[in-house]
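The values are calculated or read from the model by the stated rules, or taken from the named source; none is laboratory data. Owing to the predicted nature of the structure, the values given are computational and were not obtained by experimental measurement. Here the Cβ positions follow ideal geometry from the backbone for every residue, glycine too, while neighbour counts run over all protein chains shown. To get the accessible areas, we keep the full protein, side chains included, count just its heavy atoms, and leave off ligands, DNA and RNA. Shrake-Rupley method; radii C 1.70, N 1.55, O 1.52, S 1.80 Å.
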Amino acid sequence: APTPAIDVNSKQQVTLGGSLKVAVYADNTAREAAVDAPAAGMIVFNSTGNKFQGYDGSAWVNLN
């Protein structure tokens, strides 16, 4: 079966090409509520601080 090029789930998380995922959250509180078990390498965009954040396996770090 073909893999969709773009998928958006009910949490507004976007998957591109089956592997890259970027989710947009208003702030850290919204991110924490939506992402209860982040995986190392996960990337989100925090729209309050206008920062991309990545999970390094133990903490969220600003990427820009």
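Listed values, structure above:
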quantity	calculated
CD proxy at 222 nm, helix term only [per DSSP H run n ≥ 4: -39500 (n - 2.57); per residue of the chain; nearest 500]	-2500 deg cm²/dmol
Label-point separation in nm, Asp7 to Val61, each point 7 Å along Cα→Cβ	2.9
Sparse-neighbour loop sites [trypsin sites (Lys or Arg not before Pro); the chain; at most 13 other C-beta within 10 Å; DSSP]	Lys11
Area accessible to solvent at Ser58, 1.4 Å probe radius, in Å²	90
Karplus (6.51, -1.76, 1.60) ³J(HN,Hα), θ = phi - 60°, over the range 31-42, in Hz, Gly and Pro reported as x	4, 4, 5, 8, 10, 8, 9, x, 9, 4, x, 5
Within the chain, percent of DSSP bridges classed antiparallel, to nearest 5	80
Length released on extending from Asn28 to Ile43, taking residue separation times 0.36 nm less the Cα-Cα span	4.1 nm
Net dipole in debye of the chain [+1 Lys, Arg Cβ; -1 Asp, Glu Cβ; about Cα centre; nearest 20]	100
Sequence of Tyr25, Tyr55 from largest to smallest accessible area, 1.4 Å probe	Tyr55, Tyr25
